[in-house]
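Have a look at the structure below, then the notes.
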Amino acid sequence: MDMESLTIFCAVAIELSVTQAAARLGRAPSSVTTRIQQLEADIGAELFVRTNKRMALTAAGERFLEYAQRLLALAEEARHVVTGGREGGTLRVGSMESTAASRLPALLAAYHARHPATRLALSTGPSRPLIEQVRTGLLDCAFVALPPSFGGGALEELGLASTAVWREELCLLLPASEGQARSAMDVRTRSLAAFPQGCTYRGIAEELLGVAGSTQWQVQEMSSYHTMIACVAAGACVTLLPASVLALSDAPATLTTLPAGEIDTVLVWRAGFDVPAFQHLLVQVGEAAP
């Protein structure tokens with residue numbers, strides 16, 4: 001089990017194709033196949049299921065993938081740290097969809113201009129999964145909105161540090177038919193468009209609208225704010241989103257908005273994560289925060 005074998009395994013796990021992974025790595029397919037077979041023999045478990053020229057990760061392969069990614073990231077982190085940042089390394093940043101759309105483009109562009117040797121790997125998702133990925137080392141840091149359950153000291157108990165970066169104004173977006181609504185209690189539509197469980201904004205919307213325990217409400221899980229806004233415009237549902245994201249959209253002016261409070265976007269990272277690439281980001285974040 002060496003770094004090269006782990007790199008090959010991760011490429012095949014992502015592509016689910018030896019041919020495509022070989023092309024991505026610039027290797028012969030036979031060489032990739034041999035490496036995977038050697039790795040499976042070394043571990044003593046099958047990592048892939050091969051049926052009709054198609055591949056899928058086994059349960060063991062899915063578990064091993066997380067460890068392989070962490071090992072590769074740790075090796076790159078070590079090289080980056082001991083060279084004092086001369087080797088640019090990779091900074092794995094997580095973010096909520098809303099922050100990635102409205103806040104990160106300018107921040108990451110400025111970071112890249114200052115530190116072009118560092119590769120930025122950005123992934124998006126709901127806040128709770130992102131926090132867990134930072135805790136386990138799959139991500140170096142993440143921009144999240146802390147759930148109400150994360151009271152004082154909750155992050156510290158997970159071994160995480162944090163700093164507030166932006167204050168977001170939240171709003172309920174309602175169909176044109178809800179033009180008479182003056183508060184969440186006035187909303188008649190009984191369908192909420194939201195990200196999957198683990199999204200802090202979804203939790204706020206459900207509490208505000210009284211979704212929990214109600215047999216009348218339905219939650220439609222979606223993967224983008226564009227889709228949510230389109231469904232609201234069609235009169236099918238309501239949604240909650242930051243005003244900064246709404247300002248970037250082409251939402252019809254006929255839609256109704258109601259204020260839904262404010263919340264901080266917070267950058268979280270593992271306590272003691274003293275890696276040059278991340279420290280550079282902290283400096284950039286300090287300059288970007290109002």
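The values are calculated or read from the model by the stated rules, or taken from the named source; none is laboratory data. A quick note: this is a predicted structure, and the numbers were derived from the prediction, not measured. Cβ: placed from backbone, ideal geometry, glycine included. Neighbour counts: every protein chain shown. Surface accessibility is based on the protein's heavy atoms, side chains included, excluding ligands, DNA and RNA. Shrake-Rupley method; radii C 1.70, N 1.55, O 1.52, S 1.80 Å.
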Is it the case that residue 134 is hydrophobic (A, V, I, L, M, F, W, C) and crowded, with 20+ Cβ neighbours inside 10 Å?
yes
Taking residue 257, is it surrounded by 20 or more Cβ atoms within 10 Å (Cβ to Cβ), in a strand (DSSP E or B) and not hydrophobic (A, V, I, L, M, F, W, C)?
no
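Take the residues in the range 187-216 that are of a type in the set (Val, Ile, Thr) and free of Cβ contacts under 8 Å to residues at least 40 places away in the same chain, then tell me which one is surrounded by the most Cβ atoms within 10 Å (Cβ to Cβ).
The residue in question is 211.
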Checking the structure you have, find out if any residue of the range 189-201 is in a helix (DSSP H, G or I) and not hydroxyl-bearing (Ser, Thr, Tyr).
no
For residue 33, indicate whether it is open to solvent by 30 Å² or more (accessible area, probe 1.4 Å), of a type in the set (Ser, Thr, Tyr) and under 30 Å from residue 113 (Cβ atoms).
no
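Can residue 189 be described as polar (S, T, N, Q), in contact with a strand residue (DSSP E or B) (Cβ under 9 Å, 6 or more places away or on another chain) and over 29 Å from residue 140 (Cβ atoms)?
yes
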Based on what the data block shows, is residue 62 part of a helix (DSSP H, G or I) and either in contact (Cβ under 8 Å) with a residue 12 or more places away in the chain or open to solvent by less than 60 Å² (accessible area, probe 1.4 Å) (or both)?
no
Only one of (1) at pLDDT 90 or above; (2) open to solvent by 60 Å² or more (accessible area, probe 1.4 Å); (3) out of contact with any strand residue (DSSP E or B) (no Cβ under 9 Å at 6 or more places or on another chain) does not apply to residue 103, and that is (3)
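State yes or no: is residue 188 of a type in the set (Lys, Arg) and farther than 30 Å from residue 288 by Cβ?
Against the criterion (of a type in the set (Lys, Arg) and farther than 30 Å from residue 288 by Cβ), residue 188 qualifies.
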Kindly establish whether residue 119 is out of contact with any Asp or Glu (no Cβ under 8 Å at 6 or more places or on another chain), in contact (Cβ under 8 Å) with a residue 24 or more places away in the chain and within 14 Å of residue 92 (Cα to Cα).
yes
